[in-house]
Amino acid sequence: MELKNRIIECAKAEAADLVGFASAERFPKNDPIFKIFPEVKTVICLCFRVLRGIYRGIEEGTTFYQFSTMARQTLEETVLPIASLRVANLIEAEGYTALPQHRSNLLVKEEGDTNPEAPYKSIVAVGDKDLEMDFERSAVLCGIGELGFYGKLLTEEFGPMVRVCYILTDAEIEQDKIKKPHLCDGCGECAKGCFGHAIDEKTGKLDTWQCAVYYDGAAGIKNPFMNPKAFEEFENRIDIIAGEAKVDRKLAIRIMDANAFYPGIKNLFAACMCGRACDMACYDHLEKKGVLTKKFRSPFRKREPWQFPIEDFEI
């Protein structure tokens, strides 16, 4: 118990908001953790909030780059790795082995799939699907939260506005209880909130290429940087700009190659123009229901979501 408390104290000193523990026995026998580290006894999840103010910049249409840089690049590539290394160092100082697990932004499990947060040209399929942890489900097993309608991790404190990393260790540490699901009511607000229609409203399945196109800013109605004459070479340009175009991988790549209306970001993450509208809609719903334990002095969504009239793009 003393080691567990020291781990929690160390993680929180490195900006982790939530820390959860699961015995490896709680995971399925074929879970990737056993290929990654066959001697694993405990899985530790470190969970970090994404500042609500960063989302509100896109919610209000006033500032966009903070989400791409601070909510993703800084958290995923600096804050989370440093925190997991600090905790791993503490564990190894006690004579146990500790293996940090950081989400790889450029890897996907299936050939031909993509990660909307990364430039598609940099994506690589892992080949062996059993070598990539399921970051969302693992967090549930560690007692951090529950899965929402389309598979996003939801926490009682911050809803979907979180990011996680892990440490696998051969130290046996008391596990936490799995939380009873109570946040997601299947309302589908996440699907309705996606102005690119990337989430199936019946099944919750995410179309990653559809998501990538509109994450990247192809919807002119939600992109203040877009030229009114955008996508002139596309027959369905108005459908694209309105968020109504249905895309496959080939069309998605064509659209993203033509979408050069927002300054490119020279790092491992694609520039984000939607600010994860799905998560903002989910958070707004959870806040209005009163189920989030972290309270703020003013509501997240203060008015109807903004958008530009499609008529602005008619030529």
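The values are calculated or read from the model by the stated rules, or taken from the named source; none is laboratory data. Keep in mind that what you see is a predicted model, and the values were worked out from it rather than measured. All Cβ positions, glycine included, derive from the backbone under ideal geometry; neighbour counts span all protein chains shown.
Data for the structure
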{"quantity": "Odd one out for Ile144, checked against (1) free of Cβ contacts under 8 Å to residues at least 40 places away in the same chain; (2) under 27 Å from Val79 (Cα atoms)", "calculated": "(1)"}
{"quantity": "Qualifying residue in the stretch 216-236 (condition: touching a residue at least 40 places away in the same chain (Cβ under 8 Å), among the charged types (D, E, K, R) and surrounded by fewer than 20 Cβ atoms within 10 Å (Cβ to Cβ))", "calculated": "yes"}
{"quantity": "Verdict on Ala15 being modelled with pLDDT of 95 or more and surrounded by fewer than 20 Cβ atoms within 10 Å (Cβ to Cβ)", "calculated": "yes"}
{"quantity": "Scope the stretch 64-97; condition within 15 Å of Ile8 (Cα to Cα) and either within 14 Å of the chain's Cα centre (by Cα) or among the aliphatic types (A, V, I, L, M) (or both); matching residues", "calculated": "Leu80, Ile82, Ala83, Leu85, Val87, Ala88, Leu90, Ile91"}
{"quantity": "Residue in the stretch 206-215 that is surrounded by fewer than 16 Cβ atoms within 10 Å (Cβ to Cβ) and of a type in the set (Val, Ile, Thr) present", "calculated": "no"}
{"quantity": "Residue ranges of helices (runs of 4 or more DSSP H) in the stretch 208-315 with at least 2 members over 28 Å from Leu75 (Cα atoms) and out of contact with any Phe, Trp or Tyr (no Cβ under 7 Å at 6 or more places or on another chain)", "calculated": "237-242, 249-258"}
{"quantity": "Selection count where residues are part of a helix (DSSP H, G or I) and buried (at least 18 other Cβ atoms within 10 Å of the Cβ), scope the stretch 87-116", "calculated": "4"}
{"quantity": "Lone qualifier among Asp185, Asp176, Asp170 - being more than 30 Å from Thr97 (Cβ to Cβ), at pLDDT 95 or above and surrounded by fewer than 24 Cβ atoms within 10 Å (Cβ to Cβ)", "calculated": "Asp185"}
